[in-house]
1. May I ask you to list the residues in segment 91-118 that are farther than 25 Å from GLU389 by Cα and in contact with a Ser or Thr (Cβ under 9 Å, 6 or more places away or on another chain)?
2. Quick check, is THR186 more than 25 Å from PRO136 (Cβ to Cβ), of a type in the set (Val, Ile, Thr) and at pLDDT 95 or above?
3. Which of the residues that make up segment 294-310 are buried (at least 21 other Cβ atoms within 10 Å of the Cβ) and either aliphatic (A, V, I, L, M) or modelled with pLDDT under 95 (or both)?
4. Anything in segment 220-251 that is part of a helix (DSSP H, G or I) and closer than 17 Å to ILE311 by Cβ? List them, or say none.
5. Criterion first (surrounded by 15 or more Cβ atoms within 10 Å (Cβ to Cβ), touching a strand residue (DSSP E or B) at 6+ places or on another chain (Cβ under 9 Å), closer than 13 Å to LEU482 by Cα and modelled with pLDDT under 85) does ALA463 satisfy it?
6. Filter segment 252-261 down to the residues that are part of a loop (DSSP other than H, G, I, E, B) and at pLDDT 90 or above and list them by number.
7. Condition (residue is closer than 17 Å to TYR253 by Cβ and either touching a Ser or Thr at 6+ places or on another chain (Cβ under 9 Å) or not in a helix (DSSP H, G or I) (or both)) applied to segment 143-160: is it met by at least one residue?
8. Here is a list of conditions, (1) out of contact with any Leu (no Cβ under 8 Å at 6 or more places or on another chain); (2) modelled with pLDDT of 80 or more; (3) among the acidic types (Asp, Glu), and ASP434 meets all of them except one; can you say which number that is?
Amino acid sequence: MQALHLPAYYDDDLIENEAALTESLAAELIASDVVADQSQAEAAHIEPLIVDLEKEDDPADTYDPVDSLAPGATELGKRLGMHYFEDSDHYSQADLDLWLPVLKKLGVNWTVLQAPVDRAIPQEFIEVLVASQIQPIIHLNISLVTESSVDEFAPMFRAYASWGVRHVILFDRPNLRAVWPGQAWTQRDLVDRFLARFVPLAHAALEAGMIPVFPALEPGGDYWDTAFLRSALETMTANGEGLLLETMALGAYAWTEDKPMTWGAGGPENWPATMPYYTPEGSQDQRGFRIFDWYNAISRTVLGRELPVVIVGAGVQRESAKKLDAKVGTRAIKIIETLARPADPNKNNAVPANVLACNLWLLSAEEESQAAHSAWFELNSKPTKIGREWIDWQKGEVETKSTPPVGHRAVDSASPQNSALADSHYLLLPSTMDYPMEAIRAFLHENSSAIVGASPAEAANAARVTLAGGMQAFPDDVVKNLIQAGCTIHALRLEAA
């Protein structure tokens, strides 16, 4: 029999149910050198749990990485996810009882769990999520400052895999200077040195039956993210990491930073003037929701195909923001509406099929945390303003705030009607001129189903857009964004009143 040491959270309810197991392990704990560490664990309400598994029962033995981990197509209607907490302190039975109903009510199918590197999240917590059709994504933010070995993580990977977890994100934003120790950042071959840490752990996860996720990079970042990613894929290809490249996924921070939802749509093919560290005036880059278009282009160039993408931190810039991203709830609603559209490679207002999951930020946070202002729910599960906006949208209770002309109702960007905009006709009004009502009435008489509004971002979701006053009435970037979004453009000539 081989002893498999799996550190796990201490949970009073779990220990009560497993009283017999506790007694049988007491002698081993006292006799072992774990006792020296036990007092510290108890102070933090954590104690080690040692489980003996016969070697032939090793969960990893039941997996064939090639057969079981080939990237499969995720159902397009089941790609919505939510970050749970930003810390790893909310995995008790009481937490599960409080937050599982909330996650179900939100309608998410994925959740990102920040996992500690020295112990596993409780088995019961994981298995209940899986049984509830909510797929956990384990995020191990492993330090690049201290050394780590595969032997420390392999048993944990095998346990997570046996409990039903399929994806594990390894590290976080290695393209930032702050995550590297001392002079390591200034030394040559930074990407190679990161891969020396990532690849062995990725293989261990793969051998355990999990899909390793290349860490999401800081959009832009100290080492430009698109350059870092391309170098990493090229190096892994040159090093013969074919199996890993066949099975792994890419993480991506889809922060919006108050930019339009279509910012950077189409990637470098549509914005060829953009270069690493340089986005010329009039061009756009990857630092927006559609970062996956840029990462897909890199994958196609280096590998000849697109890798699966797991979006994290979707909708807001969670750190280093000078102010809270405006209309977080509204932006989240726009994201889910974008996810709901059928994937179409010829349009830029849908999410491509290789995006497995889009995880919004953030379910809840401690009050003193800087992430609290982005939380959807307070610690008692009471919804914040963001959470209420989402719940109201789900119920179809979001009220419009614009004053529609000529009796037609303008649709607010948070309205549930936006989900139908993909097949609609939108009359976009300029903000710099008065509108001759007779011309607009005549237009609406012939196009009675048209939606009327003055929001270019909202108009970008429509199949057809009529520009009141013609193209000359709108800034060039508005027209360009509509074209990039795949809209068919028409003009309605107006003379200012």
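1. So in segment 91-118, the residues farther than 25 Å from GLU389 by Cα come out as 91-94, 114-118.
Passing the criteria: GLN114, ALA115, PRO116, VAL117.
2. Working: more than 25 Å from PRO136 (Cβ to Cβ): yes; of a type in the set (Val, Ile, Thr): yes; at pLDDT 95 or above: no.
Taking the combined requirement at face value, the residue does not satisfy it.
3. Once the filter is applied, which keeps residues that are buried (at least 21 other Cβ atoms within 10 Å of the Cβ) and either aliphatic (A, V, I, L, M) or modelled with pLDDT under 95 (or both), segment 294-310 yields ILE298, LEU307, VAL309, VAL310.
4. Answer for segment 220-251, where residues must be part of a helix (DSSP H, G or I) and closer than 17 Å to ILE311 by Cβ: ASP225, THR226, LEU229.
5. When the stated conditions are applied, ALA463 passes them.
6. Across segment 252-261, the qualifying residues are ALA254, TRP255.
7. no
8. (2)
The values are calculated or read from the model by the stated rules, or taken from the named source; none is laboratory data. Note that the coordinates shown come from a computational prediction; the quantities given were computed from them, not determined experimentally. Glycine also receives a Cβ, built like all others from the backbone with ideal geometry; neighbour counts cover every protein chain displayed.
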